[in-house]
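The values are calculated or read from the model by the stated rules, or taken from the named source; none is laboratory data. Here the structure is a predicted model, which means the values were calculated and not measured. Glycine also receives a Cβ, built like all others from the backbone with ideal geometry; neighbour counts cover every protein chain displayed. In case anyone asks, the SASA skips ligands and DNA or RNA and just uses the protein heavy atoms, side chains included. Shrake-Rupley method; radii C 1.70, N 1.55, O 1.52, S 1.80 Å.
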Amino acid sequence: MTRSKFIQRVLFITFGSALFSVGLEIFLVPNNIIDGGIVGISIIASALSGLPLGIFLLVLNIPFFYLGYKQIGKTFALSTLFAVIVMSAGTWLLHSVKPLTDDPLLAAVFGGIILGVGVGMVIRFGGSLDGTEIVAILVTKKSPFSVGEIVMFFNVFILASAGFVFGWDRAMYSLIAYFIAYKMIDVIIEGFDESKSVWIISERHEVIGQAIIQRLGRGVTYLHGEGAYTGGEKRVIFCVITRLEEAKMKTIVEEVDPSAFLAVGNIHDVKGGRFKKKDIH
């Protein structure tokens, strides 16, 4: 890793962790609203014991540093340790700061947004703020359930526990905050300008390819394929576009060859190659 990349990672993990602390101490915690995972357990434990939230955030995440090191690697474990330390320190510093709102709905919405942005930023730059996913990866190897199903089970149990501690209305607000944070994490990791892969099979592949280049400004790649049923040779067009260009892409294919096979899928990240859009003439 270059020095500039290292500095960039440290800065964004620091900012994301600090932002997470703001979401907790300025919005959620003062309104008795929790998040899922280890953070949710820490909030409940802090409320029941009276001890600072930052202590539980740090102590409860310690076992996951080792698991992260064994399962994912040293860089991930160190990045996660740094992120959790910044998050814990942030909650301690912000604990005495007056919350921006005492409306639980506003707190759930804006707290969820800030939490999601913070978590997404940390994950995007190689760290983590919660060990639930690591546990889920280990458990899923010995169970028929997926990582997502296990994480959901953990969080449903944790969010339900909030009902017994803070009241069932707060548990429902917590569910709103968790859902918003979950969606914001996807936005930050995938980006607002989400990319899509396009696969097209057509007898008029050259015409479609040229139309995409000229009218959409995107490069295309021709792949060689073979029909499993007929055994005939096929040309497959591969192209990467943004989600805003999807409708125009479908229009181009429909105009040239209405019977063409078209498949569009989501891509989480695009690097290298010639993805930069060409000028449209």
Practice prompt. Residue by residue through region 192-212, note down the ones that are of a type outside the set (D, E, K, R), modelled with pLDDT under 90 and farther than 30 Å from residue 103 by Cα.
Written response: 195
Practice prompt. Inspect region 139-148 for any residue being aliphatic (A, V, I, L, M), assigned to a helix (DSSP H, G or I), at pLDDT 80 or above and open to solvent by 50 Å² or more (accessible area, probe 1.4 Å) and give the result as yes or no.
Written response: no
Item to complete: Enumerate the pairs (first residue in region 1-15 and under 14 Å from residue 120 (Cα atoms); second residue anywhere and of a type in the set (D, E, K, R) and part of a helix (DSSP H, G or I)) with beta-carbon separation below 9 Å, excluding pairs fewer than 6 apart on the same chain, so at least 6 apart or on different chains.
Response: 12/124
Worksheet entry | Wholly within region 44-130, helices (runs of 4 or more DSSP H) carrying at least 2 residues that are without any contact (Cβ under 8 Å) to a residue 60 or more places away in the chain and within 24 Å of the chain's Cα centre (by Cα) | 53-71, 74-94
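Looking at this structure, is residue 56 open to solvent by less than 80 Å² (accessible area, probe 1.4 Å) and at pLDDT below 90?
no
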Worksheet, complete the sentence: Apart from one, (1) within 23 Å of residue 183 (Cα to Cα); (2) open to solvent by 20 Å² or more (accessible area, probe 1.4 Å) all hold for residue 23; the odd one out is (2)
Worksheet item: In region 216-267, what residues are part of a loop (DSSP other than H, G, I, E, B) and either polar (S, T, N, Q) or at pLDDT below 90 (or both)?
Response: 217, 218, 219, 227, 228, 229, 230, 231, 232, 259
Worksheet entry | Residue check for residue 185: modelled with pLDDT under 85, of a type outside the set (Ser, Thr, Tyr), part of a helix (DSSP H, G or I) and over 22 Å from residue 31 (Cβ atoms) | no
Worksheet item: Taking into account only those residues within region 227-244 that are open to solvent by 20 Å² or more (accessible area, probe 1.4 Å) and under 18 Å from residue 214 (Cβ atoms), which is farthest from the chain's Cα centre (by Cα)?
Response: 238
Worksheet item: In region 76-119, how many residues are among the hydroxyl-bearing types (Ser, Thr, Tyr) and open to solvent by 80 Å² or more (accessible area, probe 1.4 Å)?
Response: 1
Worksheet item: With respect to residue 157, is the statement that it is open to solvent by 80 Å² or more (accessible area, probe 1.4 Å), at pLDDT below 95 and under 19 Å from residue 39 (Cα atoms) true?
Response: yes
